[in-house]
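The values are calculated or read from the model by the stated rules, or taken from the named source; none is laboratory data. These figures come from a predicted structure and were not determined experimentally. Glycine also receives a Cβ, built like all others from the backbone with ideal geometry; neighbour counts cover every protein chain displayed. Remember, those area values only see protein heavy atoms, side chains included, never the ligands or the DNA or RNA. Shrake-Rupley method; radii C 1.70, N 1.55, O 1.52, S 1.80 Å.
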Amino acid sequence: MKKVLIFVVLLSFAFAKAQTYSSKIIPNDTMLLRGYIDEYPITMYIENVGFCEYEQKFTGWYKYDNSIESIPIVFFYSPYPEEEPFRIYAKYDGEFETEVNEDYFCQVLSYDEVFETTAENGNFNDLKWRKKDADKLMNVWFEGDPQDQFWELGSQEVYLTRDEQIILDLGVLDFEYAYDVEVLGYKNVEDISHLLLEVSVPSKPGGNGRGMCGGGEEIHILYLRLDDNNRLIYSDQAKVSSCYVEIDETAITYDAAFPEKGFTRSN
């Protein structure tokens, strides 16, 4: 009985140790801008909240720095068609009225203020502010490079962790769009950590479910070796499931109980 108990305790310890590896996904969905409407300093907060049809949807607020009141904003963005102007709409009560037109573009029908610029100027460049139905325009500018920050929205950082500490950026292994990382197996052999991971990524990042495989996923098996300082010394990966192509179940084989063996390709 004592031997069985010792075995169970050792097995529980080994399992707990195997669970020390996990993942952390940090989305980059927000940006904070500081700038001016004419000579009046403002702060603007923008958040990427998903899609409206084919366009990305952004919400947030802006406020004058001498005020405690924030004004809700909303805008939609798509790089197509290229001639579309860039507009950020503001409404005091936040109750925006929108509609989708026959070309599947989202339009804001009710608003109180608008920041706008031509497509030729690009996003956030040469913005003008005005109240709805008013002719008076005021110049707007922001510190830094808001356009570069805007392009980064929707990206993310994907990390492998051990004991909740980040040890490896999985983005450098081409998994920057991963939304799920599962540790299938882990074993330490002579101070080398061997891991088998299953990594799921969208077939079409940013596809919003549109078009072929817009809502599909690609699943990869990732084999890693880390030294005793958790530095990557070897990696290999193979796709085991895809929305685009059929993959034979026997093409990639592995045993999660023996991660040190990696995986085997049948061809």
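Report yes if ILE46 is modelled with pLDDT of 95 or more, surrounded by 14 or more Cβ atoms within 10 Å (Cβ to Cβ) and in contact with a helix residue (DSSP H, G or I) (Cβ under 9 Å, 6 or more places away or on another chain), otherwise no. Yes; evaluated as a whole, the condition is true for this residue. Scanning segment 194-253 for residues that are of a type in the set (Val, Ile, Thr) and either within 25 Å of the chain's Cα centre (by Cα) or not in a strand (DSSP E or B) (or both) gives VAL199, VAL201, ILE219, ILE221, VAL240, VAL245, ILE247, THR250.
Entry remark, segment 156-181: residues being open to solvent by less than 60 Å² (accessible area, probe 1.4 Å), closer than 30 Å to PHE75 by Cβ, part of a strand (DSSP E or B) and not aliphatic (A, V, I, L, M) number 1 in total. Only a single item in (1) modelled with pLDDT of 95 or more; (2) more than 30 Å from LYS57 (Cα to Cα); (3) not hydrophobic (A, V, I, L, M, F, W, C) is not met by GLU218, and it is number (2).
In this structure, does TYR89 turn out to be more than 30 Å from LEU195 (Cα to Cα), free of Cβ contacts under 8 Å to residues at least 40 places away in the same chain and hydroxyl-bearing (Ser, Thr, Tyr)? The answer is yes for TYR89.
Among the residues of segment 127-136, the one identified as surrounded by 12 or more Cβ atoms within 10 Å (Cβ to Cβ) and in a loop (DSSP other than H, G, I, E, B) is LYS132.
Criterion applied to MET31, MET138, MET44 was being over 30 Å from PRO205 (Cα atoms), in contact (Cβ under 8 Å) with a residue 40 or more places away in the chain, of a type in the set (A, V, I, L, M, F, W, C) and in contact with a strand residue (DSSP E or B) (Cβ under 7 Å, 6 or more places away or on another chain), and the one residue passing it is MET138.
Anything in segment 47-71 that is of a type in the set (A, V, I, L, M), assigned to a strand (DSSP E or B) and either under 30 Å from VAL158 (Cβ atoms) or without any contact (Cβ under 8 Å) to a residue 40 or more places away in the chain (or both)? List them, or say none.
VAL49
Taking the listed residues LEU184, LEU153, the one that is at negative phi, among the hydrophobic types (A, V, I, L, M, F, W, C) and open to solvent by less than 30 Å² (accessible area, probe 1.4 Å) is LEU153, with no other qualifying. Within segment 146-173, residues that are among the acidic types (Asp, Glu) have Cβ atoms under 9 Å from residues that are surrounded by 17 or more Cβ atoms within 10 Å (Cβ to Cβ) and outside any strand (DSSP E or B) in these pairs: GLU157/LEU170, counting only partners at least 6 apart in sequence or on another chain. Checked against (1) in contact with a helix residue (DSSP H, G or I) (Cβ under 6 Å, 6 or more places away or on another chain); (2) under 30 Å from GLY216 (Cβ atoms); (3) part of a loop (DSSP other than H, G, I, E, B), PHE124 meets all criteria but (2).
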